[in-house]
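Asker: One structure coming up, written as structure tokens, with questions to follow.
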Amino acid sequence: MSETWWRGAAIYQVYLRSFADGNGDGIGDLAGLRSRLPYLSDLGVDAIWLNPWYPSPMADGGYDVADYRDIEPSFGTLAEAEKFIQEAHALGIRTIIDIVPNHGSDQQKWFLDALAAGPGSAERERFWFAEGNGDLPPNDWKSIFGGPAWTRVPDGQWYLHLFAPEQPDFNWNNPEVVEEFHDVLRFWFDRGVDGIRIDSAALLIKDFDSEEESYTDHDGVHTIYQGWRQISDEYGERILIGEVWLPDQERFALYLRPNEMHTAFNFDFMARRWEAAELRASIDLTLATHVPIGAPPTWVLSNHDVPRPVTKYGRAVTSFDHAERNDGMPSDLVLGERRARAAALMAMALPGSLYVYQGEELGLPEVDDIPDELRQDPMWTRSKHTVPGRDGCRVPLPWSGQEPPFGYSTGEPWLPQPASWKGLTAEAQTADESSMLSLYKAGLRIRRAELGDGSLRWLDSPEGVLAFARESGLACVANFNPDAVELPPHEGVLLASGPLEGNLLPSDTAVWLRTG
Ligand code: TEU
Ligand code: CA
């Protein structure tokens, strides 16, 4: 285990609620995850990032944290979480948890105390409480989930929530908030956690003097993460991963200075259409942002907030923005799967670290037909049912068998699984050498041996073809053209996203070649 293990790591994202259910209540849990550790070890990942696992009323899938120092009872216990961390370590797998510093749950003790203590109290100073303008909120900021960003409490004051009303924003100008999160970091580092994914990391500082909505990327956030870095450095080999979505790459890079976060998600690549020039530009932009500052690039094809790659790449338009997520837009899933396989080979070959969201390795499509009454995402309710939301990528995994619940649970999954997933179970795909799962396994194995951290060199290629070589002599070639193209000179084929036609690389196919 090395100090820079994370630079080239393959990190698997577990949405615990939907991964595997160990006790039959339909909700994924730690028992289920622990029983599937051999699967993750066999898949060949270096670390697991778990979405929030704390006690939560689940108004936003756990991103409404009621207690930062415990485990959600339906997921398990703190003792079990510690056991999980140890078991994963024994398999050489590190654990990254999700810290949500921008907001807590309205059921968190601090917020309940603030409500009880009333206007003007020190308890209210931990949040953003303010008087309204008559019957109107203090300003016209909008919640990211839709509707106003302010909610009124019985004594007449309003509190700020950039997300759902159940997620009141903390006041990061208050030293008590700063101290509290330092203590929370120590709490989890003391329990063996190897890294922290920082939720909504750029939103913590608000500017109420501005005319506009002004809460993204204020300079003050950097002081916060510099404080966090000091703590993680005390522990050694622990990392901070930022969820920092900023179109301005220079501003983005500031978060990756040596005394701040170790790494941050790169959403640019994920947001791109399936188009050679666009993806190449995204790769170049990513490298240009990261290489000069010595931070490893990161590659993300999906996560729990965005449409599944198979569905996304099968649609005419690809969009990251949840306001225009194109949910329900027709998707050619055969084409989408073909492209998702090629995209996976590219992402696995690029220099830096890689994130794989659970189910991506199974090629699961977005579930577009969840019955309305079962949808849980606040985006759905807050948008007054105009944005279907993110439930479609959070449907419980299919593990085995011929019909739902596909070995996920002995009970009824909290979101229904499509019967059509019977060919997509981990069991079915393990037995099939040509499956998405087999592709990921083979790719991650080669990646671990010779890819990961490093650099790339673009190779000359015809229009509509991307070709790059890594230091080991492995070349990745992807064909975006409607017609097959000839493979460049090579010594052997290591892995292909689909069948080759002799020396031809078919449309929407990628291949790893040994070039010497
Ligand atoms: O997401 C941050 C965020 O800004 C989201 O609005 C994101 O843009 C959107 O989900 C994309 O469709 C994080 C978490 O990843 C998300 O699950 C939470 O809902 C959110 O924070 C609030 O904690
Ligand atoms: Ca359960």
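The values are calculated or read from the model by the stated rules, or taken from the named source; none is laboratory data. Nothing here was measured: the structure is a model prediction, and the numbers come from that model. Please note: Cβ atoms are built from the backbone with ideal geometry, for glycine as well, and neighbour counts cover all protein chains shown.
Asker: Looking at SER74, SER35, which one is polar (S, T, N, Q) and touching a residue at least 40 places away in the same chain (Cβ under 8 Å)?
Answerer: Values: SER35 fails: touching a residue at least 40 places away in the same chain (Cβ under 8 Å).
Only one candidate passes the filter, namely SER74.
Asker: Taking the range 436-454 as the region of interest, how many residues are outside any helix (DSSP H, G or I) and either of a type outside the set (Gly, Ala, Ser) or free of Cβ contacts under 8 Å to residues at least 60 places away in the same chain (or both)? If you could, list the steps in order and put the result at the bottom.
Answerer: Narrowing the range 436-454 to residues outside any helix (DSSP H, G or I): 451-454.
Those still in the list that are either of a type outside the set (Gly, Ala, Ser) or free of Cβ contacts under 8 Å to residues at least 60 places away in the same chain (or both) too: 451, 453.
Residues that pass the stated criteria total 2.
Asker: Report yes if TYR313 is of a type in the set (Phe, Trp, Tyr), modelled with pLDDT of 90 or more and touching a Ser or Thr at 6+ places or on another chain (Cβ under 6 Å), otherwise no. Steps first, please.
Answerer: On the way: of a type in the set (Phe, Trp, Tyr): yes; modelled with pLDDT of 90 or more: yes; touching a Ser or Thr at 6+ places or on another chain (Cβ under 6 Å): no.
Here the answer is no, as TYR313 does not meet what is asked.
Asker: Also, I was wondering about something else. Considering each residue of the range 13-58, count those that are within 23 Å of ARG390 (Cβ to Cβ), away from ligand 1 (no atom under 16 Å from the Cβ) and hydroxyl-bearing (Ser, Thr, Tyr), and give that number.
Answerer: Number of matching residues: 0.
Asker: Pull out all pairs, ordered by first then second residue, where Cβ-Cβ is under 7 Å, the residues are six or more apart or on different chains, the first lies in the range 175-192 and is on the phi < 0 side of the Ramachandran plot, and the second is surrounded by fewer than 16 Cβ atoms within 10 Å (Cβ to Cβ) and assigned to a loop (DSSP other than H, G, I, E, B).
Answerer: Pairs that qualify, where the first residue is on the phi < 0 side of the Ramachandran plot and the partner is surrounded by fewer than 16 Cβ atoms within 10 Å (Cβ to Cβ) and assigned to a loop (DSSP other than H, G, I, E, B), are VAL184/ARG69; PHE187/ARG69.
Asker: Tell me which residues, restricted to the range 144-154, are under 17 Å from ASP60 (Cβ atoms), modelled with pLDDT of 95 or more and assigned to a loop (DSSP other than H, G, I, E, B).
Answerer: Answer for the range 144-154, where residues must be under 17 Å from ASP60 (Cβ atoms), modelled with pLDDT of 95 or more and assigned to a loop (DSSP other than H, G, I, E, B): just ALA149.
Asker: Quick one: how many residues across the range 389-418 are over 25 Å from ALA59 (Cβ atoms) and among the β-branched types (Val, Ile, Thr)?
Answerer: 1
Asker: Scan the range 69-83 and give yes if some residue there is at pLDDT 95 or above, more than 30 Å from TRP172 (Cα to Cα) and either within 16 Å of ligand 1 (Cβ to nearest atom) or among the basic types (Lys, Arg) (or both), otherwise no.
Answerer: Checking the range 69-83: at least one residue is at pLDDT 95 or above, more than 30 Å from TRP172 (Cα to Cα) and either within 16 Å of ligand 1 (Cβ to nearest atom) or among the basic types (Lys, Arg) (or both).
Asker: Same structure, new question: Does ALA90 satisfy being crowded, with 21+ Cβ neighbours inside 10 Å and either away from ligand 1 (no atom under 16 Å from the Cβ) or within 19 Å of PHE189 (Cβ to Cβ) (or both)? Even if it seems obvious, please write down each step before you answer.
Answerer: Details: crowded, with 21+ Cβ neighbours inside 10 Å: no; either away from ligand 1 (no atom under 16 Å from the Cβ) or within 19 Å of PHE189 (Cβ to Cβ) (or both): yes.
No: the conditions fail for ALA90.
Asker: Which members of the range 393-429 meet the condition of being free of Cβ contacts under 8 Å to residues at least 24 places away in the same chain, among the hydrophobic types (A, V, I, L, M, F, W, C) and part of a loop (DSSP other than H, G, I, E, B)?
Answerer: The one that is free of Cβ contacts under 8 Å to residues at least 24 places away in the same chain, among the hydrophobic types (A, V, I, L, M, F, W, C) and part of a loop (DSSP other than H, G, I, E, B): PHE406.
Asker: A follow-up question, please. Please give the number of the condition PRO462 fails out of (1) more than 26 Å from ALA9 (Cα to Cα); (2) assigned by TED's automatic domain parsing to the domain that holds ALA295.
Answerer: Condition not satisfied by PRO462: (2).
Asker: Only one residue in ASP155, ASP135 is touching a Gly at 6+ places or on another chain (Cβ under 8 Å) and either surrounded by 16 or more Cβ atoms within 10 Å (Cβ to Cβ) or not assigned by TED's automatic domain parsing to the domain that holds ASP60 (or both), so which one is that? Don't jump to the end; show me each part of the working.
Answerer: Details: ASP135 fails: touching a Gly at 6+ places or on another chain (Cβ under 8 Å).
Going through ASP155, ASP135 in turn, just one is touching a Gly at 6+ places or on another chain (Cβ under 8 Å) and either surrounded by 16 or more Cβ atoms within 10 Å (Cβ to Cβ) or not assigned by TED's automatic domain parsing to the domain that holds ASP60 (or both): ASP155.
Asker: Then there is this: Please verify whether THR386 is of a type in the set (Val, Ile, Thr) and away from ligand 1 (no atom under 16 Å from the Cβ), treating the condition exactly as stated.
Answerer: Details: of a type in the set (Val, Ile, Thr): yes; away from ligand 1 (no atom under 16 Å from the Cβ): no.
Against the criterion (of a type in the set (Val, Ile, Thr) and away from ligand 1 (no atom under 16 Å from the Cβ)), THR386 does not qualify.
Asker: Which one is surrounded by the most Cβ atoms within 10 Å (Cβ to Cβ), of the residues in the range 171-203 that are assigned to a helix (DSSP H, G or I) and β-branched (Val, Ile, Thr)? Can you show your working first?
Answerer: Filtering the range 171-203 down to residues assigned to a helix (DSSP H, G or I) leaves 175-190, 201-203.
Checking which are β-branched (Val, Ile, Thr) leaves us with 177-178, 184.
On the way: VAL177: 20, VAL178: 17, VAL184: 17.
In this case the residue turns out to be VAL177.
Asker: Continuing with this model, one more query. How many residues, within the range 363-384, are on the phi < 0 side of the Ramachandran plot and in a loop (DSSP other than H, G, I, E, B)?
Answerer: Selection size over the range 363-384: 12.
Asker: Among the residues of the range 204-251, write down those that are surrounded by 14 or more Cβ atoms within 10 Å (Cβ to Cβ), of a type in the set (S, T, N, Q) and either in contact with a Cys (Cβ under 8 Å, 6 or more places away or on another chain) or part of a loop (DSSP other than H, G, I, E, B) (or both).
Answerer: Within the range 204-251, SER214, THR216 qualify.
Asker: Please go through (1) aliphatic (A, V, I, L, M); (2) surrounded by fewer than 20 Cβ atoms within 10 Å (Cβ to Cβ); (3) under 30 Å from THR4 (Cα atoms) for LEU500 and return the number of the only condition it doesn't satisfy.
Answerer: Answer for LEU500: the failing condition is (3).
Asker: In the list PRO365, PRO413, which residue meets the criterion of being away from ligand 2 (no atom under 16 Å from the Cβ) and either buried (at least 17 other Cβ atoms within 10 Å of the Cβ) or farther than 28 Å from VAL477 by Cβ (or both)?
Answerer: Working: PRO413 fails: away from ligand 2 (no atom under 16 Å from the Cβ).
The match here is PRO365.
Asker: Looking for whichever is in contact (Cβ under 8 Å) with a residue 12 or more places away in the chain, within 16 Å of ligand 2 (Cβ to nearest atom) and either farther than 30 Å from LEU345 by Cβ or surrounded by 19 or more Cβ atoms within 10 Å (Cβ to Cβ) (or both) here; the options are ASP25, ASP98, ASP64. Which one fits?
Answerer: On the way: ASP98 fails: within 16 Å of ligand 2 (Cβ to nearest atom); ASP64 fails: within 16 Å of ligand 2 (Cβ to nearest atom).
Among ASP25, ASP98, ASP64, only ASP25 is in contact (Cβ under 8 Å) with a residue 12 or more places away in the chain, within 16 Å of ligand 2 (Cβ to nearest atom) and either farther than 30 Å from LEU345 by Cβ or surrounded by 19 or more Cβ atoms within 10 Å (Cβ to Cβ) (or both).
Asker: Being within 30 Å of VAL485 (Cα to Cα), over 19 Å from the mean Cα position of the chain (by Cα) and either crowded, with 19+ Cβ neighbours inside 10 Å or not assigned by TED's automatic domain parsing to the domain that holds VAL306 (or both) is the filter here; which residues of the range 252-275 pass it?
Answerer: Within the range 252-275, just TRP274 meets the criteria.
Asker: From the list VAL511, VAL485, exactly one residue is crowded, with 17+ Cβ neighbours inside 10 Å and over 31 Å from the mean Cα position of the chain (by Cα). Which is it?
Answerer: VAL485
Asker: How many residues does the range 473-482 hold that are surrounded by 13 or more Cβ atoms within 10 Å (Cβ to Cβ) and assigned to a loop (DSSP other than H, G, I, E, B)?
Answerer: 3
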